[in-house]
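**Q** Dropping a structure here in structure tokens format, bear with me for questions.
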Amino acid sequence: MALELWQTLKEAIHAYTGLSPVVFFTALALAFAIYQVISGWFASPFDDVNRHQRARSLAQEEEPPIAQPVQVGEITEEELKQYDGSDPQKPLLMAIKHQIYDVTQSRMFYGPGGPYALFAGKDASRALAKMSFEEKDLTWDISGLGPFELEALQDWEYKFMSKYAKVGTVKVAGSEPETASVSEPAENVDRDAHVTTTPEKTAVDKSDEAPAETELKE
């Protein structure tokens, strides 16, 4: 049955095209290849959009899910540097005015290669206030800033508070104890000076007044 069908097909190909079956199928395959090449030149833009959407969906499926924010408590600036995004197993953290926020969900901005990657793992309050990318401004020290810069920093803080979870605070070594140690001795010195100098002054005053009274009696 199959042989009879093949024989009939060969006769039909030869009768209508004048070509042998081998030449006919070769020409058919070549025409199909040329069609594929030409159709690729005039592909619909919607095909590219669909292709990009499929690629994006595949990339999202491959990316691990974002972990829930983990509280880190009070840590130092050196410890905060460990969360700059260089280790994908750790959360991506950033601080404003000593308050630490988990910005892992915005890794494309604050992670390695992102436009704000240099702020990650740091308290860059001064840089945010000045919108500066200089190394010297990557600090929490906001002394000397103007009202407009402080207002800009306040806007950043409101944005972070509303969008990201607060997970801890930055401990700046020696900032508070130094203030206490400077003010406390000053009070003690004033108190001691008041106690010690008053009797001496009284004694001096009395000694000065005694000869005057003796002279008057004489």
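**Q** Which of the residues that make up the stretch 129-151 are of a type in the set (A, V, I, L, M) and either closer than 17 Å to Lys81 by Cβ or more than 20 Å from the chain's Cα centre (by Cα) (or both)? Spell out the reasoning first.
**A** Residues of the stretch 129-151 of a type in the set (A, V, I, L, M): 129, 131, 138, 142, 145, 150.
Leu138, Leu145 - these are the residues of the stretch 129-151 that are of a type in the set (A, V, I, L, M) and either closer than 17 Å to Lys81 by Cβ or more than 20 Å from the chain's Cα centre (by Cα) (or both).
**Q** When both residues are 6+ apart or on different chains and their Cβ atoms are under 8 Å apart, which pairs have a first residue that lies in the stretch 2-21 and is outside any helix (DSSP H, G or I), and a second that is of a type outside the set (A, V, I, L, M) and open to solvent by 80 Å² or more (accessible area, probe 1.4 Å)?
**A** From the stretch 2-21, the pairs are Ser20/His14.
**Q** To continue, here is another question. Test each condition in (1) open to solvent by less than 20 Å² (accessible area, probe 1.4 Å); (2) modelled with pLDDT under 90 for Ser175 and report the one that comes out false.
**A** So Ser175 meets the others, but not (1).
**Q** Is there any pair linking a residue in the stretch 147-169 that is open to solvent by less than 40 Å² (accessible area, probe 1.4 Å) to one that is in a loop (DSSP other than H, G, I, E, B) and of a type in the set (Val, Ile, Thr), with Cβ under 7 Å and at least six apart or on different chains, and which?
**A** Leu153/Ile142; Tyr164/Val103; Val167/Val70; Val167/Val72; Gly168/Val72
**Q** Quickly run through the stretch 116-139 and pick out the residues that are open to solvent by 80 Å² or more (accessible area, probe 1.4 Å) and not charged (D, E, K, R).
**A** Listed by number, the residues that qualify are Met131, Phe133.
The values are calculated or read from the model by the stated rules, or taken from the named source; none is laboratory data. Keep in mind that this is a model prediction, so the values were computed, not measured. When we count neighbours, we look across all protein chains shown, and the Cβ atoms used for this are built from the backbone with ideal geometry, even at glycine. Calculation scope for accessible area: heavy atoms of the full protein, side chains included, ligands and nucleic acids excluded. Shrake-Rupley method; radii C 1.70, N 1.55, O 1.52, S 1.80 Å.
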